Amino acid sequence: MPELISSQPNRGWSFWWKPALFLLVACVGLYYVKWSPYYLKAFVAADNHSIGASILNDQQSSPLAAALAYAQVYFLAIWKAAVLAVILGSLLQVLIPRDWLLRLFGVPGWARPCAAGCSPCPG
């Protein structure tokens, strides 16, 4: 009778699809959230020598109204990045093999924690 469960792990395409999916989601998400909105603004800034108006509204009569207006503008500017960070953090736990992360970031010393702190992956 043939053995139904192999004793050796499958190291073919089925092993690499999860990290590849994580990288695809990370690249597409970063393009959509971080790079795409500012690509055309770079050309405008090069032509006008200005990046546009400030998000601070100094014309408010009340400091509380100015703070609330700033909080609203700031939230509208970053909410997509916050959602992407949550998605990438959960995909990191689900799609990247745990032993890879332990080998990369789990070694004692100062170099590995620095690498973990500088990595673009939320964790």
- Query: Counting just the residues of the stretch 27-40 that are hydrophobic (A, V, I, L, M, F, W, C) and out of contact with any Leu (no Cβ under 6 Å at 6 or more places or on another chain), which one comes out surrounded by the most Cβ atoms within 10 Å (Cβ to Cβ)?
  - Reply: L30
- Across (1) at pLDDT below 80; (2) assigned to a helix (DSSP H, G or I); (3) exposed (fewer than 11 other Cβ atoms within 10 Å of the Cβ), F43 clears everything bar (1)
- Task: Determine which single condition F15 fails, assuming it passes every other condition in (1) touching a helix residue (DSSP H, G or I) at 6+ places or on another chain (Cβ under 9 Å); (2) surrounded by 10 or more Cβ atoms within 10 Å (Cβ to Cβ); (3) not charged (D, E, K, R).
- Result: (1)
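The values are calculated or read from the model by the stated rules, or taken from the named source; none is laboratory data. These numbers were taken from a predicted model, which means no experiment stands behind them. In this analysis, Cβ positions are derived from the backbone assuming ideal geometry, glycine residues included, and neighbour counts consider all displayed protein chains.
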